[in-house]
Amino acid sequence: MKAMYLTALRQMELRDVPEPFIENDTDVLLKIEAAGVCGSDVHYFETGRIGSQVVEFPFVVGHECSASVVETGSAVTKVKAGDQVVVEPSFACHDCDQCNMEREHTCRNVLFLGTPKQVGGCLCEYIVVPQENCLPTYGEITLEQGALCEPLSIGIYSVQQARFKKGSNIAILGSGPIGLCVLSAAKVENARNIYITDKIDTRLSAAQKIGVDYVGNPDKVDIVEEIMAAEPLGLDCVFECCGQQDALDQAMDLLKPGGQLVIVGIPRTDMISFSADKFRRKEITIKYIRRQNLCTQKAIDSIRSGKIDIDFLITHRFGLEDTQEAFELLTDYRDGVIKAMINM
């Protein structure tokens, strides 16, 4: 089969490798149909690491995908050959303290698609996963929508964890794919006023199409001054979705006393900081988001029901052989890119 390997920083190579095969009776052999390129994949492409997770080249990245079932193990009952599925990329052990507390996303023994020293990614033609990681769509959503369920599940989980009240005033700092997924989920939960920022105007335009009360580019305007002019008492909740220190500083200024900061973005640095004075005097609550937990099915259901329209995220499409071009586009934020989709 064909697989796209990351062979060095900003270098990818399409290779012929043996097809995977079923080893356990609960395994499912999948043909990858569509794979989204995530910001974390771009981290590996550009820097070779995310914190302590360091790539050993060559390595296949990618974890946002939909697939068709090719073959099933003898004990598989959940899916059958020909079914279309969304792939849940996180493999939990179901036996540790975290799993027993229904925190499978922080499983002590978790394996995650496209993560160094864990499991190879989905930028290839075939993969094998346990049946529990195959969520059937029954053809009720498209294959591309299926690949978007993973980032959408993070948006849903982030809003779920924030637990803001109906009618709350919120901001989303960073309107890349994850920020826009948070926005989509927040709209369903009836946030009252939504303020969104980004340094790329085309991404702000995408947010406006969903419906927000304010968009601002922090490279062009003082977004804190403008938002606080509209909300002099401050905001109930701020979602930081770009992994930037500047955005964390802005969040501290925007939040009202007793407000909540929800950090979703992945920083490129090992350390982030907060103003102890503002943190303490405002008694800010911080919630840090780790991927998502049991929200992939909620993402499928939200798209299937029409509650969330996610198709607008995809701005560029590529074949597997053109994956390098897709990653370079995203790394350099060129051509108004939001989400690049690899179609097999």
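The values are calculated or read from the model by the stated rules, or taken from the named source; none is laboratory data. Just so it is clear, the model here is predicted, and its values are computed rather than measured. Using ideal geometry, Cβ is built from the backbone for each residue, glycine included, and neighbour counts are taken over all protein chains shown. Note: accessible area is taken over every heavy atom of the protein model, side chains too, but ligands, DNA and RNA are not part of it. Shrake-Rupley method; radii C 1.70, N 1.55, O 1.52, S 1.80 Å.
Taking the condition of being in a loop (DSSP other than H, G, I, E, B) and either under 24 Å from the mean Cα position of the chain (by Cα) or among the β-branched types (Val, Ile, Thr) (or both), how many residues in region 272-287 meet it?
Going through region 272-287 one residue at a time, the tally reaches 3.
Is it the case that some residue within region 153-169 is open to solvent by 30 Å² or more (accessible area, probe 1.4 Å), in a helix (DSSP H, G or I) and among the polar types (S, T, N, Q)?
Yes - at least one qualifying residue is present in region 153-169.
Under 28 Å from residue 105 (Cα atoms), of a type in the set (Asp, Glu), open to solvent by 60 Å² or more (accessible area, probe 1.4 Å) and outside any helix (DSSP H, G or I), is that true of residue 309?
yes
Out of the residues in region 173-198 that are more than 26 Å from residue 332 (Cβ to Cβ) and part of a loop (DSSP other than H, G, I, E, B), which is least open to solvent (accessible area, probe 1.4 Å)?
191
State whether the residues of region 116-129 include one that is part of a strand (DSSP E or B), of a type in the set (Phe, Trp, Tyr) and surrounded by fewer than 24 Cβ atoms within 10 Å (Cβ to Cβ).
Yes, there is a match, as at least one residue in region 116-129 is part of a strand (DSSP E or B), of a type in the set (Phe, Trp, Tyr) and surrounded by fewer than 24 Cβ atoms within 10 Å (Cβ to Cβ).
Pull up region 1-47, narrow it to residues that are among the aromatic types (Phe, Trp, Tyr) and under 22 Å from residue 313 (Cα atoms), then point me to the one that is nearest to the chain's Cα centre (by Cα).
44
Given the structure, is residue 299 open to solvent by 20 Å² or more (accessible area, probe 1.4 Å) and touching a residue at least 24 places away in the same chain (Cβ under 8 Å)?
No; evaluated as a whole, the condition is false for this residue.
Just a yes or no: is a residue in region 94-101 crowded, with 24+ Cβ neighbours inside 10 Å, under 30 Å from residue 307 (Cα atoms) and of a type outside the set (Phe, Trp, Tyr)?
No, the conditions are met nowhere in region 94-101.
Of everything in region 231-249 that's of a type in the set (Asp, Glu) and under 16 Å from residue 199 (Cα atoms), which residue is nearest to the chain's Cα centre (by Cα)?
240
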